[in-house]
Each structure stands twice: as C-alpha cells, then as structure tokens.
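Below is one structure, written out as structure tokens; comments come after it.
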Amino acid sequence: MHDGAALRLLEDAMRATALRAQDGATPNLQRHAHELTQSASRLTSVTKRMWAAADASVTLANASLYLEAFGHVVMAWVWLEQAIAARQALPGAVAAERMDDEAFYRGKLAAAGYFFRWELPRVSAQLDFLASLDRTLLDMQDAWF
C-alpha cells in the first residue's frame, strides 16, 4: 500500500533510535544499534522482494514466518529504546544510591542484551528463507496425505 510508505516510516523510526543509541553510548548499545539497523534494512528488502513476486499466494505462503521475523525486528527496536532510557537513568540511580532503581535499570540492560544475542539473530535465517520465495507449502497436494 502506497508503495511501502508505512514500512519506510517504521524503518526511519528504527534508524532514528539507532542513531540515538550510537551517540555517546556503550559498545553494547552501539552494537545493538548496528544490529537493529541491519535487521530493519534486511526486513525492508525482503518485504519488497516478496511483494514483487507475480503470485500473491507465493508472497503469502509463509506469512506466519514473516510475522515472526517482523515482530522480532520491532521488539528489537522496543528493547533498544528501553536500553537507551535505562542507560541514561542508571547513573542517577547509582549516584542517589537508589538500589531498587539501579537493579531495575541493570535488568533492562541485561534483558535487552539477551534479546539481541538470543532472539534477534534468528531473524537472519528467517529472512533468508522468506527471500527464497519457497513454494513447499503451496506445492503440497491433499492427495499426498
């Protein structure tokens, strides 16, 4: 719709977050920002490839896998936003000796790290598969059961 305008807006918002994460950030946040940018760009290019297929059934054949990959990229964006906020708030919590707040912010940073190390890497293989425009599900016939 509208030649992918909504997806472009989403990718732009993700890139803006990644730029904020790069500004004076820790190496972890910088790495997460790079990984988000790469994943968002790849998601956009695979989406374009899928919609360029001449057959809508091929485009939609692996929709659940696409939704999972898309959701993981969006969640990476959300986690990066939370990590930026936690990184900014943490020094104040430490200085004021607010142990509960410090633990909360450190937990947010650890959870973001988990997501970027354990969850987001799966998206690459999913997008590779989706880009192949695999027809396995379409080619299966009822009589073969």
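Bear in mind these aren't lab numbers, they're just calculated from the coordinates by the rules spelled out. Here the structure is a predicted model, which is why all the values come from computation and not from measurement. Backbone-built Cβ (ideal geometry, glycine too); neighbour counts: all protein chains shown.
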Whole-Hz couplings from phi, Karplus 6.51/-1.76/1.60, listed for the range 35-52; x for Gly and Pro: 5, 5, 4, 5, 5, 5, 5, 5, 4, 4, 5, 5, 4, 4, 4, 5, 6, 7
I want the local charge near ALA21. Using Cβ-Cβ distances under 14 Å, sum +1 for each Lys or Arg and -1 for each Asp or Glu among the other residues. +2
Give me the tail of P(r) for the range 1-61 as a percent: Cα-Cα pairs with distance above 15 Å. 57 percent
Please list 3J(HN,Hα) in residue order for the range 73-86, calculated via the Karplus relation 6.51 cos²θ - 1.76 cosθ + 1.60 where θ = phi - 60°; whole Hz, with x for glycine and proline. 5, 5, 5, 4, 4, 4, 5, 5, 4, 5, 5, 4, 4, 5
When volume of the Cα convex hull per residue in Å³ is calculated directly from the model, which label among (i) 109; (ii) 198; (iii) 120 fits? (iii)
Lys, Arg +1 and Asp, Glu -1 on Cβ, resulting dipole of the range 21-134 about Cα centre, debye, nearest 20: 200 debye
Simple label model, 7 Å out from Cα along Cβ direction - TYR114 to LEU60, nm: 3.6 nm
Counting only residues 5 or more apart in sequence or on a different chain, those whose built amide H sits under 5 Å from that of LEU120 are none
Each residue of the range 114-124 in order: what ³J(HN,Hα) in whole Hz does its phi give by Karplus 6.51 cos²θ - 1.76 cosθ + 1.60, θ = phi - 60°, with x for Gly and Pro? 4, 4, 6, 8, 9, 9, 4, x, 5, 4, 4
For the range 1-136, what's the relative contact order in percent, using C-alpha pairs closer than 8 Å and at least 6 residues apart? 30 percent
Tell me the label-point distance for the pair ARG122, HIS2, using the 7 Å Cα-to-Cβ offset, in nm and rounded to one decimal. 3.2 nm
Rounded to whole angstrom, the alpha-carbon centroid of the range 93-121 lies from that of the range 61-75 at a distance of 26 Å
